[in-house]
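Working notes, structure below.
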Amino acid sequence: MADNTHDNTDYTVTDKAKMTLGHAPAGLYLPGIDETTHKEAVRLCARDFLEHHVFFNDRGFHNHLNHHLLSVFSLGAPAKRLQEVFDQNKEILLPSHSPMDVDVTTENFTEHFSNERCYPNYVSFFQRELDAAGDNWKAVACDYFFDPRVFPLGMS
């Protein structure tokens with residue numbers, strides 16, 4: 001397993017994860033949402049992305065910590081509460097794996113779908129694809145979601 005843990009003062013995780021969080025229109029801000037809580041929400045979402053697997057158990061149940069963090073943030077929770085949510089949830093989450101010795105490419109991206117240990121390899125692959133696409137992330141999503149090689153794999 002990869003040792004990807006970060007301490008509670010490490011804000012470099014947002015750069016490592018390429019994590020940003022847009023701002024809601026001013027009329028949607030509830031009391032308690034300020035720059036401090038915004039920064040904390042981004043940091044904790046980045047930590048989840050870097051430190052935890054997409055599944056939280058061996059049965060394929062998905063990690064929803066980012067959803068929980070963003071929900072309490074959107075409702076005006078203070079930074080301390082965001083940290084509490086992270087700390088409570090991280091106990092049940094699986095740590096991220098070290099990448100396998102597999103290079104996921106556009107030619108072979110379907111070959112390792114059933115190997116959940118290749119999750120970090122797929123994260124790297126899609127980060128490269130998104131970086132190459134620039135602002136056109138929607139095209140990347142559509143290309144892979146609707147690729148005719150993917151549908152049969154998801155339905156088997």
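The values are calculated or read from the model by the stated rules, or taken from the named source; none is laboratory data. Please read all numbers here as calculations on a predicted model, not as lab measurements. When we count neighbours, we look across all protein chains shown, and the Cβ atoms used for this are built from the backbone with ideal geometry, even at glycine. Ligands, DNA and RNA are excluded from the accessible area calculation, which covers all protein heavy atoms including side chains. Shrake-Rupley method; radii C 1.70, N 1.55, O 1.52, S 1.80 Å.
Points to keep in mind about this one:
- Matching residues in segment 84-94 - criterion: being modelled with pLDDT of 90 or more and either more than 14 Å from Glu40 (Cβ to Cβ) or open to solvent by less than 30 Å² (accessible area, probe 1.4 Å) (or both): Val85, Phe86, Gln88, Asn89, Leu93
- In segment 31-51, residue farthest from Glu91 (Cα to Cα) [restricted to those that are part of a loop (DSSP other than H, G, I, E, B) and either open to solvent by less than 20 Å² (accessible area, probe 1.4 Å) or in contact (Cβ under 8 Å) with a residue 12 or more places away in the chain (or both)]: Pro31
- Of all residues in segment 58-100 being outside any helix (DSSP H, G or I) and in contact with a His (Cβ under 6 Å, 6 or more places away or on another chain), the one that is nearest to His38 (Cα to Cα): Asn63
- Segment 52-64: number of residues that are more than 17 Å from Tyr122 (Cβ to Cβ) and open to solvent by less than 50 Å² (accessible area, probe 1.4 Å): 1
- Number of positions in segment 101-156 that are open to solvent by 70 Å² or more (accessible area, probe 1.4 Å) and outside any helix (DSSP H, G or I): 13
- Test result for Asn4, surrounded by 17 or more Cβ atoms within 10 Å (Cβ to Cβ) and at pLDDT 90 or above: no
- Filtered residue count, segment 101-117, keeping only those that are under 18 Å from Glu51 (Cβ atoms) and without any contact (Cβ under 8 Å) to a residue 24 or more places away in the chain: 1
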